[in-house]
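Where a number appears in this text, it was derived from the coordinates with a stated rule and is not lab data. Note that this is a predicted model, so its numbers are computed, not measured. Counting neighbours? That spans all protein chains shown, and the Cβs are built from the backbone with ideal geometry, glycine included.
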Amino acid sequence: MISLMKADILNTVNNMNKAIFFDRDGTLNVEVNYLHKKEEFIWTDGAVEAIKYCNDNGYLAIVVTNQSGVARGYYPESAIMELYSWMNSQLAEAGAHLDGIYYCPHYPQGIIPKYAVECDCRKPKPGMLIQAAREQNIDLAASYLIGDGARDVECAKAAGVYGIRYTGGNLYESLIAGIMQNQRNGAR
Ligand SMILES: [Mg+2]
Ligand SMILES: [Zn+2]
């Protein structure tokens, strides 16, 4: 090969994938309580650019989101996947895409028995990241999570992922600043 894609070069380090995990509500979209309709979904500034950055730089772009509205009986699991498909159709217009979504439908105090349980996936627990790593061969130590909640950063830490707290403003700029900070700390 005369030329390798940048992603290929990065991935030859250990033959594993790298990911940037995104919280959804309050991070990719403006916070709306128990959002489940596309009509209520407004991308945050820089969200599409942040996802495109992953696509162009050898990172899987994966959503990890607590969706206790399912356990609370506000909407079915299918609504989460329908919204995810719609998000990807929007991203396609910008030449970007998400590579996956992991969601936690549980909540111990919920009203739907099947979902009203203690689980290992509700953030700040790291279950969704661990499952993603197993299913998609992700090197968690070379990956990032960006989210607006303290529990997002806690979840990242518990999984050995570099966590970036998003405090508003442009998501793409926040992501790049976090990656640069990690690199200054001597990460690979
Ligand atoms: Mg959030
Ligand atoms: Zn769960």
Before rounding to the nearest 500, sum -39500 (n - 2.57) across all DSSP H runs of length at least 4 in the chain and divide by the residue total; then give [θ] at 222 nm in deg cm²/dmol.
-> -10500 deg cm²/dmol
Output the lone cysteines of the chain: those with no second cysteine's C-beta under 4.7 Å from their C-beta.
-> C54, C119, C155
How big is the gap, in Å, between the Cα center of region 102-120 and the Cα center of region 28-84?
-> 19
Quotient of Cα radius of gyration and Kirkwood radius for region 39-96, i.e. Rg/Rh, equals 1.02
If packing is taken as the mean number of other Cβ atoms within 10 Å per residue, what is the order of 25-34, 122-131, highest first?
-> 122-131, 25-34
Out of L83, A94, S174 - ranked by how far each Cα lies towards the positive end of the dipole of the chain, with unit charges on the beta-carbon of charged residues - the top one is S174
May I ask you to list the GluC sites (Glu not before Pro) in region 49-120 that are in a DSSP loop and have at most 15 other Cβ atoms within 10 Å of their Cβ?
-> E93, E118
Say the dipole of the chain comes from +1 at the beta carbon of Lys and Arg and -1 at that of Asp and Glu; which of G73, G149, P126 then lies farthest toward its positive end?
-> P126
Express the relative contact order of the chain as a whole percentage, based on alpha carbon pairs under 8 Å and six or more residues apart in sequence.
-> 24
Starting from the amide H of N29, placed 1.01 Å from N in the peptide plane, find each other amide H under 5 Å away whose residue is 5 or more places distant or on another chain.
-> T44
For Y102, which sequence-distant residues (separation of 5 or more, or a different chain) have an amide H within less than 5 Å of its own amide H, given hydrogens modelled in the peptide plane?
-> V63, V64, T65
By counting other Cβ atoms within 10 Å of each Cβ, how are S89, S68 ranked from fewest to most?
-> S89, S68
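Which value, in debye to the nearest 20, describes the size of the charge dipole of the chain about its Cα centre when Lys and Arg Cβ atoms bear +1, Asp and Glu Cβ atoms bear -1, and nothing else is charged?
The dipole magnitude comes to about 480 debye.
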Along the charge dipole of the chain, which of G163, H36, I112 sits closest to the positive end, that is, farthest toward it, with unit charges on the beta carbon of Lys, Arg, Asp and Glu (+1, +1, -1, -1)?
-> G163
Kirkwood-based Rg/Rh on the Cα set of the chain evaluates to 0.97
